[in-house]
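Below is one structure, written out as structure tokens; comments come after it.
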Amino acid sequence: MTIDRSTLMNLELLVNAKTGKLQNSLIGTIDCTKTSVGARLLRTNLMAPPIRVDTINARLDLVGVFLEEEEFFYTTMEHLEALPDIDKMLSHVALVPRKGKLGGKGSANMNEQAITANVASKGIGALVCIKSILSVLPTFGRSLQDQLSILESKEHNRRVASNEPDLGNDSNSIETEEIQHGIGEDSSTITDGSSLLIGLGSGPRSTSNTRHQLLRAILLTMKQPAFAEILSAVTEIFTESTTFSRNAHAMRHQECFALKPNTDGMMDVLRKAFLANVDDIYKLADEYAETYGLPVSVKETTTRGYYLSIPTDMGTDMPDVFIQPVKRGRFIHCTTEEVHSLSSRAQENVQDLLIMTHSRIQEVIDVARSKYDALASLSDAIALLDMCHCFADNVASSRLSWCRPFVTDNDEEPAQQSSAESTTGARSSGSGALSIRNGRYAIDVSGSGLVNSESVSSGNEFIPNDTYASAMQNFTVITGINGSGKSTYL
């Protein structure tokens, strides 16, 4: 179901109607995802929420698992926080440098790829991200498999205690065997009892009554044999210490020293020259600090290179040796002629290293491109897991009571309400009916000034309301500013 733009604005799903910012909107309130792909999927689902019952129930089952198993909740959160930016990794793997232009200075080599340091950095960074992601997949998948085994054991014991037929044993045993021994080369991550596409709201409709099919589908996705092939190709050329870093400076070092040493004599010379230039910059900074009595530190950015940073409380009257001063907050960024010269040489070394490294990883990048479907399905699986974990995180950290909604198809009769159901809840009453009891405002506006602090602390800033709508009975939403006559109309 696609929501039009005016409805998005009126419901404040993506931005609040007053300031147009993320704060005090629905996504600003509930978005606690740990990965970029999870945040993107959450935003997409707010703009086009799923309406398939099997998709909704599969996600609710996974959210319920996170809420029931505290250890599994925190283990998954730790693994998600350690993952790099999967979106950028996929885009950089798919990036193919353009060919040389016809008629230019290099027209004789017009079929050669035009490689720049920036393009080379993206390709190397993509492989570093792949290595970091695929290295944690075994432990991540093991935690999911252990949790799935516990859930299936509990379900089996429950059926035995209630004398119910264990209908899912055959399919579950088959899928468990697939998980333990891996999936064949021609196998799909979509199985009869568990489908990743069901969680995404597409693909064939599920006819199985097997619970936890989304968790099983995510686990099957992580167990694809293509990942072992990609990881093996990457580890053959990269050092063991190569790993992803969110610090841009550290990541640049990872890219320059990713390839194993002693594979190319020229690269080894460039690495030594780069380290020598950087060491000379830090030695100069120590000499300036001792000579002029100033706390001098070394900073680095991709555009400016290496430069010096001095606190502003030392005064603006700096020695003449410091040139190109620029004030940035509480610090003054500057350089010297010697530091600038060493920085230029270090940047040239980095560019040469990146281009030489990129030319030696093309075969590995081609292997990753040939398995792009597997990497894309892994991205979807992690996004689903992260989004459902986000929903569970909101419920666990909320001071309000939550319950699981009951959803049925239009042609199904509503299930009988159990006595254990929460007093705050939502139910489907069959034939497309909607029933909400004690519904509350979903957007947190406690810090916006719209409610006073006393009512926020007491938890009574909004009065819950009951809502019922069916084919025979509708409801009307009345909105307007204060004093517009809403109460008079009612």
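What spacing in nm lies between the two simple spin-label points modelled at N157 and T263, each 7 Å away from Cα in the Cβ direction?
5.1
Considering only protein heavy atoms, what per residue accessible area in square angstrom results for the stretch 1-48 with a 1.4 angstrom probe?
Solvent-accessible surface per residue comes out at 57 Å².
How much accessible area per residue does the stretch 260-357 have, in Å², with a 1.4 Å probe?
Result: 58 Å² of accessible area for each residue.
Could you state the number of Å between the C-alpha centres of the stretch 290-358 and the stretch 11-69?
43
Report the accessible area of Y468, computed with a 1.4 Å probe over the heavy atoms of all protein chains in place, in Å² rounded to the nearest 10.
For Y468, solvent-accessible area is about 90 Å².
If I model a spin label at S143 and F73 as a point 7 Å from the Cα along the Cα→Cβ vector, what separation in nanometres do I get?
1.4
Given the Cα-Cα distance of D317 and D279 and 0.36 nm per residue of separation, how much length would full extension add, in nm?
Result: 10.9 nm gained on full extension.
Distance cut-off 23 Å, Cα to Cα: go down the list K21/K486; K223/K371; K88/K299; K34/K131; K272/K327; K21/K327 and report the pairs above it.
K21/K486; K88/K299; K272/K327; K21/K327
Just add up the charged neighbours of R369: K/R +1, D/E -1, any other residue whose Cβ is under 15 Å from the Cβ of R369.
After counting each charged neighbour, the total is -2.
When the accessible area of the stretch 260-357 is computed with all protein chains present and a 1.4 Å probe, what percentage of it is carbon and sulfur?
Here carbon and sulfur together make up 51 percent of the probe-accessible area.
The values are calculated or read from the model by the stated rules, or taken from the named source; none is laboratory data. As the structure is a prediction and not an experimental result, all values here were calculated from the model. Heads up, the Cβs are rebuilt from the backbone with ideal geometry, glycines too, and the neighbour counts pull from every protein chain shown. The accessibility values were calculated without ligands, DNA or RNA, using every heavy atom of the protein model including side chains. Shrake-Rupley method; radii C 1.70, N 1.55, O 1.52, S 1.80 Å.
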